[in-house]
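**Q** Can you keep this structure in mind? I'll have questions shortly.
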Amino acid sequence: MTVEIVFETHSTTTDNEAGVATGWLPGELSDSGRRQARELGERRPGDGFAAVFTSDLRRAVQTARTAYPGGRLPIHQDTRLRECDYGDLNGTPHRHIAARRLQHIDVPFPGGQSYRQVVTATHAFLHDLATGWDGDRILVIAHSANQWALEHLLTSTPLEALLQAPPAWRPGRRYELLGDWPSAAAG
């Protein structure tokens, strides 16, 4: 059996529009982001999803609740799906974070965490999906660091390559969490 995962990043925030790397700050959807979230719900009205899992950071929760209002789908918040914690650099210009990504694969941002720690949290999340949602289709709404972690863990793409040249944004990346996971997964 497998778990099918469809990954969507949270919708556009006021910080995104201002060029700010929000990190573990809550963030707020912009007008454009609220429209995008409604469009997500229209584009994927349910699509056979058993549940939606989302980061507990406000911008991801807002995206999920706007896309699926009134309990159309069960929404589960999970701290393990948070963006990378940039620590002292949360809320700084995005270009500052992008310039430092490769330095923080294994070394945490000052007062924050490393990308490898995001991978570890995502691995724990996937373990719970594999044991509790086998055979289901799941929608995950989270952040770019989580998408890189999923890509690393489920396609064996080196984390260093993902951080050096992040994949271009596109909606609805699909992953399969195979029944023999994590034995088949990259570490």
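**Q** Condition check: open to solvent by less than 40 Å² (accessible area, probe 1.4 Å), modelled with pLDDT of 95 or more and of a type in the set (D, E, K, R). Does Asp136 satisfy that?
**A** Criteria not met by Asp136.
**Q** Quick check: anything in the stretch 116-130 part of a strand (DSSP E or B), open to solvent by less than 40 Å² (accessible area, probe 1.4 Å) and not aromatic (Phe, Trp, Tyr)?
**A** Looking for residues that are part of a strand (DSSP E or B), open to solvent by less than 40 Å² (accessible area, probe 1.4 Å) and not aromatic (Phe, Trp, Tyr), one finds none in the stretch 116-130, hence no.
**Q** Being part of a loop (DSSP other than H, G, I, E, B) and closer than 14 Å to Arg174 by Cα is the filter; apply it to the stretch 1-47 and report the residue that is least open to solvent (accessible area, probe 1.4 Å).
**A** Of the residues in the stretch 1-47, the ones part of a loop (DSSP other than H, G, I, E, B) are 1, 10-12, 19, 22-28, 30, 44-47.
Within this subset, residues satisfying the condition of being closer than 14 Å to Arg174 by Cα are 44, 47.
Details: Arg44: 22, Asp47: 58 Å².
Among them, the one singled out is Arg44.
**Q** Let me ask something else. Being touching a residue at least 24 places away in the same chain (Cβ under 8 Å) and out of contact with any Cys (no Cβ under 7 Å at 6 or more places or on another chain) is the filter here, so list the residues in the stretch 23-34 that pass it. Spell out the reasoning first.
**A** First, pick out the residues of the stretch 23-34 that are touching a residue at least 24 places away in the same chain (Cβ under 8 Å): 23-29, 33-34.
Listed by number, the residues that qualify are Trp24, Leu25, Pro26, Gly27, Glu28, Leu29, Gly33, Arg34.
**Q** Let me ask another. Quick one: is Gly172 at positive phi and at pLDDT below 95?
**A** Yes: the conditions hold for Gly172.
**Q** A further question follows. Look at Leu150 and say whether it is open to solvent by less than 10 Å² (accessible area, probe 1.4 Å) and either assigned to a loop (DSSP other than H, G, I, E, B) or closer than 15 Å to Phe53 by Cβ (or both). Walk me through how you get there before you give the answer.
**A** Numbers: open to solvent by less than 10 Å² (accessible area, probe 1.4 Å): yes; either assigned to a loop (DSSP other than H, G, I, E, B) or closer than 15 Å to Phe53 by Cβ (or both): yes.
Here the answer is yes, as Leu150 does meet what is asked.
**Q** Being within 28 Å of Gly33 (Cβ to Cβ), open to solvent by less than 30 Å² (accessible area, probe 1.4 Å) and part of a loop (DSSP other than H, G, I, E, B), is that true of even one residue in the stretch 167-182?
**A** Within the stretch 167-182 (the criterion being within 28 Å of Gly33 (Cβ to Cβ), open to solvent by less than 30 Å² (accessible area, probe 1.4 Å) and part of a loop (DSSP other than H, G, I, E, B)), the answer is yes, since at least one residue qualifies.
**Q** Can I ask one more? Have a look at Ser114, Ser156 and point out the one that is free of Cβ contacts under 8 Å to residues at least 40 places away in the same chain and over 30 Å from Arg65 (Cα atoms).
**A** Ser156
**Q** Which of the residues spanning the stretch 74-111 are part of a helix (DSSP H, G or I), surrounded by 18 or more Cβ atoms within 10 Å (Cβ to Cβ), touching a residue at least 60 places away in the same chain (Cβ under 8 Å) and not aliphatic (A, V, I, L, M)?
**A** Our first condition is that a residue be part of a helix (DSSP H, G or I); within the stretch 74-111, this holds for 79-81, 87-89, 94-104.
Right, trim to surrounded by 18 or more Cβ atoms within 10 Å (Cβ to Cβ) and you get 80-81, 89, 97, 101, 104.
So of that shortlist, the ones also touching a residue at least 60 places away in the same chain (Cβ under 8 Å) come out as 81, 89, 97, 101.
Passing the criteria: only Arg101.
**Q** A further question follows. Of all the residues that make up the stretch 58-73, how many are out of contact with any helix residue (DSSP H, G or I) (no Cβ under 6 Å at 6 or more places or on another chain), of a type in the set (A, V, I, L, M) and open to solvent by less than 10 Å² (accessible area, probe 1.4 Å)? Explain how you work it out, then say what you get.
**A** Residues of the stretch 58-73 that are out of contact with any helix residue (DSSP H, G or I) (no Cβ under 6 Å at 6 or more places or on another chain), as a first pass: 58-62, 64-65, 69-73.
Next, only the ones that are of a type in the set (A, V, I, L, M) stay: 60-61, 64, 73.
This time we only want the ones that are open to solvent by less than 10 Å² (accessible area, probe 1.4 Å), so: 60, 64.
Of the residues in the stretch 58-73, 2 are out of contact with any helix residue (DSSP H, G or I) (no Cβ under 6 Å at 6 or more places or on another chain), of a type in the set (A, V, I, L, M) and open to solvent by less than 10 Å² (accessible area, probe 1.4 Å).
The values are calculated or read from the model by the stated rules, or taken from the named source; none is laboratory data. These numbers come from a predicted model, not from an experiment. A quick note on method: Cβ atoms are made from the backbone with ideal geometry, for glycine too, and the neighbour counts reach across all protein chains shown. What goes into the accessible areas is simple: the full protein's heavy atoms, side chains included, and nothing from ligands, DNA or RNA. Shrake-Rupley method; radii C 1.70, N 1.55, O 1.52, S 1.80 Å.
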